[in-house]
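**Q** A single structure is presented below for examination.
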Amino acid sequence: MDEQMTPVSAWERVEHAREAARPTAKTYIDGIFTDFVELHGDRRFGDDQAVIGGIGRLEGRPVTVIAQEKGGDTKEKIARNFGCANPEGYRKSQRLMRQAEKFGRPVLLIVDTQGAYCGIGAEERGQGQAIAENLQLMMQLSVPAVAVLIGEGGSGGALALASANRVAMLENAVYSILSPEGFAAILWKDAARAKEAAGLMRMTAREVYAMGIVEEVIPEPPGGAQEDVQAVAQAMKDFFLRSLEELDAMDTSTLREDRYRRFRRMGDCGLDPQNG
Amino acid sequence: MGMFDKIRKNQAMISVPLGAAARKPARPSQEAAIPPAKSKEMSPEDTNIFAKCPACNAVLFTEDITENQMVCPRCQHHLRLSARQRLGYTVDEGSFVEMDAELAGNDPLQFPGYENKLRAARAYTGLTEAVVTGYATIQGEPVMIAVMDGNFMMGSMGAAVGEKITRCVEEATRRRLPVVIFTVSGGARMQEGLVSLMQMTKTSAALGRHGEAGLLYITVLTDPTTGGVTASFAMLGDIILAEPGALVGFAGKRVIEQTVKQSLPEGFQRAEFVMDKGFVDAIVPRRELPGRLGQLLRLHHQEVRHG
Ligand SMILES: [Zn+2]
């Protein structure tokens, strides 16, 4: 496990997470849920195809599914804006989470994005506000929320769908404050130092797990998830089922308290003990 | 508004605020170049007596600016303030009781050079972190208040900033008080990686509980408010005010230009623009802020809560 702490390995994970052959959210939706019905639109502005939402069954039980989808071929990638959601994507997600709450369905999330889209329209329509509301709503949900990061987990755009009771990462997924290129550009004014940045950012699944930010790392076959999609989908399904079993036992206030505590403890390590 | 954008154009995004220089006669150490001393408009001599407005380039007596609450008397450009200056202009004299003054973050990633940068930022600002929190009254109305400080590593949010704001909000919920937050931030603190990202959820969650308790939260967006702060507590106010000309956005200008490969519309991401798009309730000049906050607080004053 130690070799994964070296910069080269971290960068290899980034490359894995970005691989063209890497399965995207749709593949897992097909592999995990039955009876899936996709629901479109945010009822405000449009339908953001970077976010797929709908209702399906997990082992027979109706659940709400919200997923970031990067797209398969080039044409689809463009239609889905490479998985970079506009505010409409986060507002579609909010709409479907409220719907899930109304009908008492758990919310299961599949996260895979470089980050929220950085466009003119996105700013004009309140990208920051959309993400903020999404975060806050997730924390207030009265139903269980469980998320899996399957590829790139970039910045607030990923966090908006990962503010859940339980969160797992696939072994080759990465989760970071922004892309290593962006990180290197901001900190060292040199995007070419991305590899070096990746090694310092603690963005690999095992490093994120070690920091206590995710509950589980879901193993992938050698060569990555594409080598055995069925097995990875099954492992994700098991994680969803296991998490729900645990969360179902909680009443609403305990469930919400569980989620609050999960995030409340993050970043209080080593702070002035007199206040702790 | 058009004129306003024009006069703002010359100001570098990260120029040292005149406020910082005027307040601190001691020059920052080499390390403290974090709020980068890039402004060639200022030399050590003129920080004492003269200062140049970064917006209209007028050379003014520093005293004339400080006496005008750090607003350029010529063009009304709102210069950036330190947290202490802001508190001085906002809360009732002698009412501020600071909490968690010594609370400081650690170095969760053991990121090379971060400890030194923190040390330098502390020496430069006299603060332990990029936000000051506590209890105060504004025109007699009690509030819990958090004021960010852009001189401390660009007001970036790491674990300590998130923790201080969360504690401030939780205290407000316990004491059934309104919350007022003045934002100024370059976004999440890079050197703390994911730990700083998580502060977005943490602070938003605390505000969610405060809101569910039926309590008022007012945000005041000041120049600049960006990134993870915009995408969390800055945009969650029941009422969102902004200072004139403040830059308010999620993504940075350069990032957007690189993404869309076109130039940005006039006044893009300025408070006036953001208000026009429906995300700000009112733009309030600095001098009028205490009055406006007092008015809003009185309109929400809860003498007795039933139940
Ligand atoms: Zn001026």
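The values are calculated or read from the model by the stated rules, or taken from the named source; none is laboratory data. Just so you know, these numbers come straight off a predicted model, no measurement behind them. Here the Cβ positions follow ideal geometry from the backbone for every residue, glycine too, while neighbour counts run over all protein chains shown. Just so you know, the surface numbers come from the protein's heavy atoms only, side chains and all, with ligands and any DNA or RNA stripped out. Shrake-Rupley method; radii C 1.70, N 1.55, O 1.52, S 1.80 Å.
**Q** Count, please, the residues in region B:218-239 that happen to be open to solvent by 10 Å² or more (accessible area, probe 1.4 Å), within 12 Å of another protein chain (Cβ to nearest Cβ) and either β-branched (Val, Ile, Thr) or part of a loop (DSSP other than H, G, I, E, B) (or both).
**A** Summing the residues that are open to solvent by 10 Å² or more (accessible area, probe 1.4 Å), within 12 Å of another protein chain (Cβ to nearest Cβ) and either β-branched (Val, Ile, Thr) or part of a loop (DSSP other than H, G, I, E, B) (or both) in region B:218-239 gives 3.
**Q** Identify, please: which residue in region A:89-105 is in contact with an Asp or Glu (Cβ under 9 Å, 6 or more places away or on another chain) and surrounded by fewer than 24 Cβ atoms within 10 Å (Cβ to Cβ) and is, among those, nearest to the other protein chains (Cβ to nearest Cβ)?
**A** First, the residues of region A:89-105 that are in contact with an Asp or Glu (Cβ under 9 Å, 6 or more places away or on another chain): A:89-95.
Now restrict to residues that are surrounded by fewer than 24 Cβ atoms within 10 Å (Cβ to Cβ): A:94-95.
On the way: A:Gln94: 13, A:Arg95: 18 Å.
Only one residue fits best here, namely A:Gln94.
**Q** Looking at region A:50-68, which of the residues that are in a strand (DSSP E or B) and open to solvent by 10 Å² or more (accessible area, probe 1.4 Å) is farthest from A:Val37 (Cα to Cα)?
**A** Among those that are in a strand (DSSP E or B) and open to solvent by 10 Å² or more (accessible area, probe 1.4 Å), it is A:Arg61.
**Q** Right, B:Glu163: in contact (Cβ under 8 Å) with a residue 12 or more places away in the chain, within 14 Å of chain A (Cβ to nearest Cβ) and in a loop (DSSP other than H, G, I, E, B) or not? Step through it out loud before you land on a result.
**A** On the way: in contact (Cβ under 8 Å) with a residue 12 or more places away in the chain: yes; within 14 Å of chain A (Cβ to nearest Cβ): yes; in a loop (DSSP other than H, G, I, E, B): no.
It is false that B:Glu163 is in contact (Cβ under 8 Å) with a residue 12 or more places away in the chain, within 14 Å of chain A (Cβ to nearest Cβ) and in a loop (DSSP other than H, G, I, E, B).
**Q** Can you name every residue in region B:118-143 that is within 14 Å of chain A (Cβ to nearest Cβ) and surrounded by fewer than 17 Cβ atoms within 10 Å (Cβ to Cβ)?
**A** B:Arg122
**Q** If B:Leu215 satisfies every condition in (1) out of contact with any Gly (no Cβ under 7 Å at 6 or more places or on another chain); (2) within 14 Å of chain A (Cβ to nearest Cβ) but one, which is the exception?
**A** Single failed check for B:Leu215: (2).
**Q** Being within 28 Å of A:Met139 (Cβ to Cβ) and more than 9 Å from chain B (Cβ to nearest Cβ) is true for just one of A:Asp258, A:Asp228, A:Asp268, A:Asp190. Which residue is that?
**A** Numbers: A:Asp228 fails: within 28 Å of A:Met139 (Cβ to Cβ); A:Asp268 fails: more than 9 Å from chain B (Cβ to nearest Cβ); A:Asp190 fails: within 28 Å of A:Met139 (Cβ to Cβ).
Within the list A:Asp258, A:Asp228, A:Asp268, A:Asp190, the selection yields A:Asp258.
**Q** Next up: With the checklist (1) open to solvent by less than 10 Å² (accessible area, probe 1.4 Å); (2) more than 19 Å from the chain's Cα centre (by Cα); (3) on the phi < 0 side of the Ramachandran plot in hand, flag the one item A:Gly126 doesn't pass.
**A** Looking at each condition in turn, A:Gly126 falls short on (3).
**Q** Which condition does A:Thr252 not pass, out of (1) surrounded by fewer than 19 Cβ atoms within 10 Å (Cβ to Cβ); (2) touching a helix residue (DSSP H, G or I) at 6+ places or on another chain (Cβ under 8 Å); (3) among the β-branched types (Val, Ile, Thr), if it passes all the others?
**A** So A:Thr252 meets the others, but not (2).
**Q** Does A:Asp190 meet the test of being free of Cβ contacts under 8 Å to residues at least 40 places away in the same chain and within 30 Å of A:Val63 (Cα to Cα)?
**A** Working: free of Cβ contacts under 8 Å to residues at least 40 places away in the same chain: yes; within 30 Å of A:Val63 (Cα to Cα): no.
Taking the combined requirement at face value, the residue does not satisfy it.
**Q** Can you tell me which of (1) away from chain B (no Cβ under 13 Å); (2) in contact (Cβ under 8 Å) with a residue 12 or more places away in the chain; (3) open to solvent by less than 70 Å² (accessible area, probe 1.4 Å) is the one A:Glu246 doesn't meet?
**A** (3)
**Q** Right, next: Whether any residue in region B:80-94 is within 14 Å of another protein chain (Cβ to nearest Cβ) and surrounded by fewer than 22 Cβ atoms within 10 Å (Cβ to Cβ) is what I want to check. Please lay out each step first, then the result.
**A** Looking only at region B:80-94, we keep the residues that are within 14 Å of another protein chain (Cβ to nearest Cβ), and these are none.
Within region B:80-94 (the criterion being within 14 Å of another protein chain (Cβ to nearest Cβ) and surrounded by fewer than 22 Cβ atoms within 10 Å (Cβ to Cβ)), the answer is no, since none of the residues qualifies.
**Q** Another question, then. Got a number for residues in region B:52-77 being more than 10 Å from the ligand (Cβ to nearest atom) and within 23 Å of B:Thr125 (Cβ to Cβ)?
**A** 7
**Q** Here is a further query. Take the conditions in contact with a His (Cβ under 6 Å, 6 or more places away or on another chain), surrounded by 18 or more Cβ atoms within 10 Å (Cβ to Cβ) and not in a helix (DSSP H, G or I) and apply them to B:Ala55. Does it pass?
**A** On the way: in contact with a His (Cβ under 6 Å, 6 or more places away or on another chain): yes; surrounded by 18 or more Cβ atoms within 10 Å (Cβ to Cβ): yes; not in a helix (DSSP H, G or I): yes.
Yes; evaluated as a whole, the condition is true for this residue.
**Q** Follow-up. Output the residue which, of all residues in region B:173-205 that are over 16 Å from B:Ala231 (Cα atoms) and open to solvent by 10 Å² or more (accessible area, probe 1.4 Å), is nearest to the other protein chains (Cβ to nearest Cβ).
**A** Only one residue fits best here, namely B:Gln191.
**Q** Condition first: out of contact with any strand residue (DSSP E or B) (no Cβ under 8 Å at 6 or more places or on another chain), under 18 Å from A:Arg261 (Cα atoms) and touching a residue at least 24 places away in the same chain (Cβ under 8 Å). Now tell me which residues in region A:203-223 satisfy that.
**A** Answer for region A:203-223, where residues must be out of contact with any strand residue (DSSP E or B) (no Cβ under 8 Å at 6 or more places or on another chain), under 18 Å from A:Arg261 (Cα atoms) and touching a residue at least 24 places away in the same chain (Cβ under 8 Å): just A:Gly212.
**Q** Which members of region A:103-123 meet the condition of being within 15 Å of the chain's Cα centre (by Cα) and over 27 Å from B:Gln269 (Cα atoms)?
**A** Result: A:Val107, A:Leu108, A:Leu109, A:Ile110, A:Val111, A:Asp112.
**Q** Given the condition assigned to a loop (DSSP other than H, G, I, E, B), more than 7 Å from chain A (Cβ to nearest Cβ), closer than 27 Å to A:Ser163 by Cα and modelled with pLDDT of 95 or more, answer yes or no: does some residue in region B:266-276 qualify?
**A** no
**Q** Hey, any hits in region A:74-81 for a residue that's closer than 23 Å to A:Leu255 by Cβ and of a type in the set (A, V, I, L, M)? Even if it seems obvious, please write down each step before you answer.
**A** Kept after step one, since they are closer than 23 Å to A:Leu255 by Cβ, are these residues of region A:74-81: none.
No, because not a single residue in region A:74-81 is closer than 23 Å to A:Leu255 by Cβ and of a type in the set (A, V, I, L, M).
**Q** Going by the structure shown, is B:Glu170 open to solvent by 10 Å² or more (accessible area, probe 1.4 Å), more than 16 Å from the ligand (Cβ to nearest atom) and within 13 Å of chain A (Cβ to nearest Cβ)? Walk me through how you get there before you give the answer.
**A** Details: open to solvent by 10 Å² or more (accessible area, probe 1.4 Å): yes; more than 16 Å from the ligand (Cβ to nearest atom): yes; within 13 Å of chain A (Cβ to nearest Cβ): yes.
So B:Glu170 passes the test.
**Q** Within region B:95-117, take every residue that is over 26 Å from B:Pro290 (Cα atoms), open to solvent by less than 70 Å² (accessible area, probe 1.4 Å) and out of contact with any helix residue (DSSP H, G or I) (no Cβ under 7 Å at 6 or more places or on another chain) and give me the one that is farthest from the ligand (Cβ to nearest atom).
**A** In this case the residue turns out to be B:Asn106.
**Q** Find the residue count for region A:58-93, including only residues that are basic (Lys, Arg) and in contact with a Leu (Cβ under 9 Å, 6 or more places away or on another chain). First the steps, then the outcome.
**A** Step one: filter region A:58-93 for residues basic (Lys, Arg), giving A:61, A:70, A:75, A:77, A:80, A:91-92.
Subset that is in contact with a Leu (Cβ under 9 Å, 6 or more places away or on another chain): A:61, A:92.
Looking only at that region, the number is 2.
**Q** Turning to a different aspect of this structure: Looking at this structure, is A:Gly199 at pLDDT below 95 and more than 21 Å from B:Gly228 (Cα to Cα)? Spell out the reasoning first.
**A** Details: at pLDDT below 95: yes; more than 21 Å from B:Gly228 (Cα to Cα): yes.
Criteria met by A:Gly199.
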